[in-house]
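S.K.: The following block contains the structure, expressed as structure tokens.
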Amino acid sequence: MVIQRPKSMSELDYYTRRAIGEGKAEVWVTKQKCSCGGVLKKPKMRATEYICESCEKIVPKEDYESSEIAGIVYTCPKCKHSAEKEEPFKRKKVGIIIKGKRKSVLSFTFECDSCHEKINVTKKLKG
């Protein structure tokens, strides 16, 4: 399956490129379009809804975020399999160990198509 890569950062809600052990992952979430063809945007940083630029339709934050799809290009750190895929963008808390201390961080998790290893894409962490 060939995934359409974004042409510019202005099309995206989220983008990251991470080295994960021996592998790597590139993940992006494209801004959603309204039924009229306009782009849905948050008017303020902490807003609880998204508003269409052209028709001013209001979409609740929960509905918008539950329908986000992530485009993923990755190389598995376990089996070195490279692939592209799309999955729903859901973040979950996972426990990781940093400098001997266990921390709980938000992570986007997906499985390798070949070996079914779970791959976590976390925010950049200090330490």
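Values quoted throughout were computed directly from the atomic coordinates according to the rules given, and no laboratory measurement underlies them. This one's a predicted model, so the numbers in the text were calculated from it and none came from an experiment. So basically every Cβ, Gly included, is an ideal-geometry build from the backbone, and we count neighbours across all protein chains shown.
S.K.: Between H81 and E111, what length in nm is gained on full extension when 0.36 nm per residue of separation is reduced by their alpha carbon distance?
M.R.: Length gained between H81 and E111: 9.7 nm.
S.K.: For the residues S107, S67, S82, S10, what sequence is obtained by ranking on other C-beta atoms within 10 Å, fewest first?
M.R.: Going from least to most buried by this count: S10, S67, S82, S107.
S.K.: Sticking with this one: Consider all pairwise Cα distances in the chain and report the whole-number % of them above 20 Å.
M.R.: 52
S.K.: Any idea what diffusion coefficient the stretch 1-65 gets from Stokes-Einstein, in µm²/s, Kirkwood Rh on alpha carbon pairs, 25 °C, 0.890 mPa s?
M.R.: Taking Rh from Cα pairs, D becomes 181 µm²/s.
S.K.: Could you list C79, C36, C52 so that the one with the fewest beta carbons within 10 Å of its beta carbon is first and the one with the most is last?
M.R.: Fewest to most other Cβ atoms nearby, the residues stand as C36, C79, C52.
S.K.: On alpha carbon coordinates alone, what is the Rg over Rh value for the stretch 73-127, Rh being the Kirkwood radius?
M.R.: 1.00
S.K.: So for the chain, taking the charge dipole from beta-carbon charges (+1 Lys/Arg, -1 Asp/Glu), which of S104, H81, V29 sits furthest toward the positive end?
M.R.: Highest projection toward the positive end goes to S104.
S.K.: Evaluate the charge dipole of the stretch 24-104 about its Cα centre and quote only its size in Debye, nearest 20, assuming +1 on the Cβ of each Lys and Arg and -1 on the Cβ of each Asp and Glu.
M.R.: Approximately 840 debye in magnitude.
S.K.: Taking the Cα centre of the stretch 36-80 as origin, work out the dipole magnitude from +1 charges on Lys and Arg Cβ and -1 charges on Asp and Glu Cβ, in debye rounded to 20.
M.R.: 320
S.K.: What does the helix-only formula give at 222 nm for the chain: each DSSP H stretch with n ≥ 4 adding -39500 (n - 2.57), the total divided by the residues, and the result rounded to the nearest 500 deg cm²/dmol?
M.R.: After summing the helix terms and dividing by the residues of the chain, the value is -1000 deg cm²/dmol.
S.K.: Counting other Cβ atoms within 10 Å, keep those with at most 14, restrict to DSSP loop, and tell me which GluC sites (Glu not before Pro) in the stretch 10-99 are left.
M.R.: When the GluC sites (Glu not before Pro) of the stretch 10-99 are filtered for loop state and at most 14 Cβ neighbours within 10 Å, E22, E53, E56 remain.
S.K.: Could you line up D63, D13 from fewest to most neighbouring Cβ atoms inside 10 Å?
M.R.: Lowest to highest Cβ neighbour count: D63, D13.
S.K.: Kindly write out, for the stretch 47-53 in residue order, the coupling ³J(HN,Hα) from the Karplus curve 6.51 cos²θ - 1.76 cosθ + 1.60 (θ = phi - 60°), rounded to whole Hz, with x marking Gly and Pro.
M.R.: For the stretch 47-53, the Karplus-derived couplings read 5, 9, 8, 10, 10, 6, 5 Hz, x marking Gly and Pro.
S.K.: Moving on. Just to confirm the filter: which chymotrypsin sites (Phe, Trp or Tyr not before Pro) across the stretch 1-37 are DSSP coil and have at most 12 other Cβ within 10 angstrom of their Cβ?
M.R.: Passing sites in the stretch 1-37 do not exist.
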